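Asker: Okay, handing you the structure first.
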Amino acid sequence: MPGNTVTRTASGLGLIADLALFCTNNKVHLMAGMLDLLAGGTPEVESFSLTLTGTLAAFAVRADSPNYVDGTGAVNGYLATTSQVRTIDDIFGAQTLGTAQSFTATNTAQVQLQVERGDPDNAVVMHYRDSAGSAAHYTDDGGTTWSASTGLTTHYDTNYLNTTPNWANGLYADPRGNGKWLTSCHTSTASPPGADFYESSDKGATWAQKSTSGYSIDRYNARCIVRPLGRPDDVVFFGEHSGSSPNSERLYRIIGSTREDISPQIGSDIFGVVSAGAQRGISVADDNPACVMIIGQTNTGLTGKWAVLQTFNGLDAAGSIVWNTVIDMATNSGGVPLWNGGYYVSTGLIFLYGVGGRFAIARYEGGAWAVYETTISGAGSIVGICGDKMAENADARARGAIEKNIRASQKARNDQGVCGAP
């Protein structure tokens with residue numbers, strides 16, 4: 001059902017928002033009463049325009065925002081458009097924008113933005129140019145200054161007129177404050193151009209091709225690169241376009257030095273991850289490295305199918321992983337899925353966001369996923385979300401019922417000898 005979008009008056013409505021949603025019409029939408037969705041209600045939403053150059057494409061929150069730490073103060077972050085990157089402070093209040101750093105090239109097609117959890121002064125924005133390949137800017141002083149990175153390739157897909165915007169670089173930041181980053185780049189200018197992993201150990205300043213065994217990409221950039229919080233040294237999930245037809249997308253997992261295809265399959269349809277889901281096309285639960293969610297798609301284009309899929313045993317042998325349907329399979333709308341990404345909050349709780357202002361809470365109830373959805377009126381495609389302390393408390397309140405359902409489901413599945421229980 002549509003959300004109630006309200007406009008702030010000069011004095012402000014004073015809503016106590018628990019979620020901020022950033023979208024491509026250069027607005028941030030503050031949602032209050034998020035948990036009303038679980039009771040069949042409609043959250044209230046205040047919408048605010050941001051004065052930006054280019055189209056808002058990515059957002060990342062600072063994990064050291066005071067409101068996350070002790071429940072007081074402001075929530076701050078970084079945001080990037082198709083042409084600039086900058087900070088945003090006090091997201092749930094004044095929404096103060098920092099000085100913008102413009103990208104070197106003007107033909108940026110895809111943007112990825114991440115911030116280090118262990119060192120939130122360190123952020124990297126990766127921008128892929130259709131006919132100029134990969135480039136990046138980084139900051140190590142909280143966005144006061146930005147510098148161009150070196151060592152990334154300028155190779156690109158020569159068929160870009162037909163494939164844009166499909167080749168976004170996945171981007172991962174090690175959460176331990178050690179300055180290590182991981183991305184992917186094309187390795188030739190051709191179609192397909194080939195690709196490989198590139199790593200940085202100096203906060204994104206310089207990059208070099210990664211030579212570790214098992215870290216291989218076949219035809220195109222890895223669209224999304226994710227490592228579980230509890231396994232940052234030896235586990236990687238990433239998506240890639242395989243070139244197969246009609247099911248061309250794939251989901252891969254690396255454990256140690258072994259790469260495996262763990263793409264979910266529903267009937268004859270194989271699902272992987274594409275750039276429409278950007279960096280949140282894959283999400284791993286903060287509290288369980290085996291719980292994985294993907295915005296799955298069989299193929300780019302109008303004929304492709306998509307679904308939101310999840311597993312509780314994503315670290316098991318490839319052939320024994322059980323994938324569950326969060327949102328049923330459907331045909332692409334205009335060539336893209338209706339969902340852009342998700343945040344896997346905890347074992348039985350996922351936040352989803354998508355095109356046309358879509359937002360949903362997916363909750364594991366009685367052995368299946370239930371989805372509670374709303375649409376923010378007048379919103380563009382949502383590219384990132386963050387919560388305040390109230391959202392964190394809402395998560396805690398929701399977990400009580402979720403964990404009870406999970407325990408009951410786990411007991412039933414174990415009694416029946418079914419693998420893949422949470």
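Only the coordinates and a few stated rules stand behind these numbers; no lab work does. Please read all numbers here as calculations on a predicted model, not as lab measurements. Cβ: placed from backbone, ideal geometry, glycine included. Neighbour counts: every protein chain shown.
Asker: Run the numbers for residue 50 and residue 212: contour at 0.36 nm per residue of separation, minus the present Cα-Cα distance, in nm. Before the final figure, lay out each step's value.
Answerer: On the way: separation 162, 0.36 × 162 = 58.32 nm, distance 4.23 nm.
Difference between extended and current length: 54.1 nm.
Asker: Can you give me the distance in nm between label points at residue 257 and residue 63, each placed 7 Å from the Cα along the Cα-to-Cβ direction?
Answerer: Between residue 257 and residue 63, the simple spin-label model gives 2.9 nm.
Asker: Please check which bits of region 169-190 a label hung off residue 121 would reach, taking the label as a point 7 Å along Cα-to-C-beta and the cut-off as backbone N under 15 Å.
Answerer: So the set is 177-179.
Asker: Mind checking which aspartates and glutamates have their C-alpha under 15 Å from residue 305, skipping anything on the same chain fewer than 8 residues away?
Answerer: 249, 269, 328
Asker: How much net charge surrounds residue 329 when only the other residues with a Cβ under 12 Å from the Cβ of residue 329 are counted, with Lys and Arg +1 and Asp and Glu -1?
Answerer: On the way: positive: 305; negative: 269, 328.
Net charge around residue 329: -1.
Asker: Rounded to the nearest 0.05, what FRET efficiency do residue 25 and residue 102 have when you use their Cβ-Cβ distance and R0 = 25 Å? Mind showing how you got there, number by number?
Answerer: Working: r = 21 Å, r/R0 = 0.83.
Step by step, r from the Cβ atoms, then E = 0.75.
Asker: On to the next question. Apply the a/c threshold of 1.5 to the C-alpha gyration tensor of region 177-312 and tell me whether it is rounded, prolate or oblate. Before the final figure, lay out the partial values.
Answerer: Values: a/c = 1.96, a/b = 1.23, b/c = 1.59.
Because a/c hits 1.5 or more and a/b fails to exceed b/c, region 177-312 counts as oblate.
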